1. Given the criteria among the small types (Gly, Ala, Ser) and out of contact with any strand residue (DSSP E or B) (no Cβ under 8 Å at 6 or more places or on another chain), does Gly800 qualify?
2. Is there a residue being in a loop (DSSP other than H, G, I, E, B), touching a helix residue (DSSP H, G or I) at 6+ places or on another chain (Cβ under 8 Å), without any contact (Cβ under 8 Å) to a residue 40 or more places away in the chain and surrounded by 16 or more Cβ atoms within 10 Å (Cβ to Cβ) anywhere in the stretch 45-65?
3. Go through Ala411, Ala468, Ala464 for me and flag whichever is hydrophobic (A, V, I, L, M, F, W, C), surrounded by fewer than 17 Cβ atoms within 10 Å (Cβ to Cβ) and either closer than 25 Å to Pro377 by Cβ or free of Cβ contacts under 8 Å to residues at least 12 places away in the same chain (or both).
4. Suppose the filter is within 24 Å of Arg771 (Cα to Cα), assigned by TED's automatic domain parsing to the domain that holds Gly753 and touching a residue at least 40 places away in the same chain (Cβ under 8 Å); does Thr843 pass it?
5. Taking the options Ala411, Ala415, Ala439, Ala367, name whichever one is hydrophobic (A, V, I, L, M, F, W, C), in contact with a helix residue (DSSP H, G or I) (Cβ under 6 Å, 6 or more places away or on another chain), at pLDDT 85 or above and assigned by TED's automatic domain parsing to the domain that holds Gln329.
6. With the requirement that a residue be farther than 17 Å from Val191 by Cβ and not charged (D, E, K, R), what does the stretch 162-177 give you?
7. When the stretch 558-594 is examined, which residues are found to be among the acidic types (Asp, Glu), in contact with a Lys or Arg (Cβ under 7 Å, 6 or more places away or on another chain) and in a helix (DSSP H, G or I)?
8. Are there any pairs, at least 6 apart or on different chains, whose C-beta atoms fall under 7 Å, with the first in the stretch 569-590 and without any contact (Cβ under 8 Å) to a residue 60 or more places away in the chain and the second hydroxyl-bearing (Ser, Thr, Tyr) and in a loop (DSSP other than H, G, I, E, B), and if so, which?
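The values are calculated or read from the model by the stated rules, or taken from the named source; none is laboratory data. None of these values were measured; they are calculated from a predicted model. For neighbour counting, all protein chains shown are included, and Cβ atoms are generated from backbone atoms with ideal geometry for every residue, glycine included.
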Amino acid sequence: MSQDSSRPHPTQTDLVGAVFDRVPIMMAVYEPSTKVLRLNREFERIVGWTTEEARHIDLMEKCYPDPQYREQVRQHMMAPQPGWLDLEMTTKDGRTIETSWVNIRLADEARLGMGIEIGDRKQQLQVLGTLYGLAAFVGRARGPAEIHEASVDAMLAATGARRASLLVFDADGVMRFKAWRGLSDRYRAAVEGHSPWSVSDEDPPPVLVPDVLAEPDLAPLRDVIAGEGIRALAFVPLVYQRRLLGKFMLYYDTVHAFSDEEIHLAATIAHHAAFGLERARAESAIADLLQRERVSRTAAEAAERRARFLAEVSRVLSSSLDHATTLRQIARLAVPEFADGCSVDLLTADGTTQRLAMTHRDPRKEALGWDLWRRYPPRPHHPVQRTLREGKARLFAPTDDATLEALAHDAEHLAMMRALETHSAMTVPLVAHDRVLGALLFITGVESGRVYTEHDVELAEELARRAAQAIENARLYSEVEIASRAKDDFLAMLAHELRNPLGVVVNALAVLEHSDGGDEGAGRARHLIRRQVQHLTRLLDDLLDVARITRGRVDLRPERLDLRVAVDLAVEAQRHRVDAKGQTLDVRLASAPVLVSGDPARLQQVVGNLLSNACKYTPAGGRIRLALGIDGDEAVLRVEDDGVGIPADRLDAIFDPFTQLEPGLARTEGGLGIGLTLVRQLVELHGGTVRASSAGPGRGAEFVVRLPVVAGRGAGAARRETATPSPAARSIVLIEDNSAARDALALALGLAGHRVCSAATGREGIALARRERADVVLIDIGLPDIDGFAVCRELRETLGTETVLVALSGYGQPEDRERSAQAGFDGHVVKPVEPDELMRLVTDFARRRC
């Protein structure tokens, strides 16, 4: 690009002049002496002097009145290199403004100064810094209190006010001071609670009071406000999402004209503060919620652990009726689940204390605990002793040295207790029916670092309650067992005492039956005696059977049999009773064998008891029907009568022991009310069921027995037809201390063709048996000098196995028979027994031995 060299080149002054009045910055051209040559319009507008005025005054002196400061400015203006410098200038109207200047040397020795006003921008930057700082702070503040303080400081910095405060509504809707600057306690106490708004107001506008003295609404507080030196104030609402939280207060010492910018700035700070306070509230609420959730979860986990612990305690307590063993297990279970150490103490009958258990997580401390108990028995003020005495739980949390010192017997004792390193302890009583049985002691120490609380006491008391109940249950069970054994012993003794005289009667009858006395009266007497003896014997057998079955000691001898045979035998046994009352007995049996697995004697007893019951409760001339058949896989026995019937509410009760429908009738007919009890128990032992039904009183009753049938041919069908051969004559030694029983049985056996020698004591019997070398020795168990078991053992050593040794006893429990077998007897016979039946049993014993 070509240039026109004929045109003159513009100077720097010309170039400056071209833009001098067009740029929005202050410009001044001056000589090296700082005499002003020209000012642009922006300089004249901001500073106030015109170029014409500046030529006639010392502008430097006017703008910079301080000589030293003015010299610094002059040096900057004359500096060889240009650079910016912030300067405070005084304007024509006396204001001080903040500016920044740079000076440039022009080619024609003149100089150019260019400046900008920076006061507003600096203030804006400071306000922005304050707002940014407040916004950042409320985001990281650790709570409302920090936000309160920082917000008040930010309000002072941003607005230029000398005093300020922040108030927040409390739970009752009253404004309360949270942070303040420059206010006295007296003033705050006087104005706290005052507010131009209510708590229900939404997003209210600021309330500005340029002059307190001119504001009628503040008249009641005017003296208080004036006394604090306040002339103007502003209420700036603290709002979050239109909800009023509180207020900022700005205070001025003189009348104050509030600008829109000032109020907007205060509102902005209030907005940041409200946001921060609400964030802090929300975070606090979340933290509280999380804490509650943690507490709830911890409590739930603790409750679950406690429930599992108590469930395990209950399982252990119910596993045995030996309370000493179970309490030791509980002590071991408590450590370490619930305690670092545990001990169990029980009160004895004489009031002393027995330590039943002592456990500890640390085996060395467990041994130390036992040593402490043995060497230093607890004194009356010991926590365990007080709990035993008062029946109340005691908590020591934490334990302190003063407690140990109060319990110590001496210095060594104190040192040993300190060695346990106990943190806390509690004692709880074992109480049942308002009676203290003992106490549990639980301790924690350095092993777990745990300290017991009242919640732990509640758990310990529940554990103690269950343990005490277990102790009481064991005691009651023991008492019941003792009573049950006493009852069984009584029944057995009763049977034993009754069997001896019954044996005399039986044997006397045998003598009569073998005599020649044939008059009708003697025969009738014999018949009545035999009937009564049979009846009494049956009652005793039923009574003992109930006791055996109740205790689970009945001895069944099951075999495959035709149930028709048992029914036939029972019908024949009861026929005389039916005939005696003129009753009709209809019997209908299945044409084919009814095969079941059972004890023939017991099943005959079931049928006999049902027939006896029907006969008893059916009036003379009545009808009894018995039917036996098969229904599917069950044998069904039905016994029906047209007697007194059974009320509907008694159908289940009639199977209970000692139950009588009509006591008067029962007394006439005899019986103890246990016949149907035996029926149900024996049927159930055979895997069957029995059910009673009746149309009501006076309309008869029906009993239905169902038993499972078995496949195959029965072995018992032909037994009934097999005749039992009469036993062969034998030489017998009888050892019996009861003279009547001895003489009667010896006489009866002699009349049956046997040779009998008898003795009254065990020693006499041993000598007699050794001398006679008899085929059979009958030995009573209850002899006066030595018992029958000892007699048996001596004779077995002397006579070997050639002689049959038979025990005679009034006791017939399975354990009685087992003891006889262990002593060496070939058999065990329960009194009374028919002589012929006795000898058949002897023959059977001898055959089994061979």
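1. Details: among the small types (Gly, Ala, Ser): yes; out of contact with any strand residue (DSSP E or B) (no Cβ under 8 Å at 6 or more places or on another chain): yes.
Considered against the rule, which asks whether it is among the small types (Gly, Ala, Ser) and out of contact with any strand residue (DSSP E or B) (no Cβ under 8 Å at 6 or more places or on another chain), Gly800 comes out as yes.
2. Within the stretch 45-65, the subset in a loop (DSSP other than H, G, I, E, B) is 48-50, 55-58, 64-65.
Next, only the ones that are touching a helix residue (DSSP H, G or I) at 6+ places or on another chain (Cβ under 8 Å) stay: 49-50, 64.
Add one more test, that the residue is without any contact (Cβ under 8 Å) to a residue 40 or more places away in the chain, and what stays is 50, 64.
When the remaining residues are screened for being surrounded by 16 or more Cβ atoms within 10 Å (Cβ to Cβ), the result is 64.
Checked against the condition, which is being in a loop (DSSP other than H, G, I, E, B), touching a helix residue (DSSP H, G or I) at 6+ places or on another chain (Cβ under 8 Å), without any contact (Cβ under 8 Å) to a residue 40 or more places away in the chain and surrounded by 16 or more Cβ atoms within 10 Å (Cβ to Cβ), the stretch 45-65 yields at least one hit.
3. Values: Ala468 fails: surrounded by fewer than 17 Cβ atoms within 10 Å (Cβ to Cβ); Ala464 fails: surrounded by fewer than 17 Cβ atoms within 10 Å (Cβ to Cβ).
Exactly one residue qualifies, and that residue is Ala411.
4. Details: within 24 Å of Arg771 (Cα to Cα): yes; assigned by TED's automatic domain parsing to the domain that holds Gly753: yes; touching a residue at least 40 places away in the same chain (Cβ under 8 Å): yes.
Taking the combined requirement at face value, the residue satisfies it.
5. On the way: Ala411 fails: in contact with a helix residue (DSSP H, G or I) (Cβ under 6 Å, 6 or more places away or on another chain); Ala415 fails: in contact with a helix residue (DSSP H, G or I) (Cβ under 6 Å, 6 or more places away or on another chain); Ala367 fails: in contact with a helix residue (DSSP H, G or I) (Cβ under 6 Å, 6 or more places away or on another chain).
Just one listed residue meets the conditions, Ala439.
6. Result: Ala171, single match.
7. First, the residues of the stretch 558-594 that are among the acidic types (Asp, Glu): 559, 562, 568, 572, 579, 586.
Checking which are in contact with a Lys or Arg (Cβ under 7 Å, 6 or more places away or on another chain) leaves us with 568, 586.
Answer for the stretch 558-594, where residues must be among the acidic types (Asp, Glu), in contact with a Lys or Arg (Cβ under 7 Å, 6 or more places away or on another chain) and in a helix (DSSP H, G or I): just Asp568.
8. Gln583/Thr618
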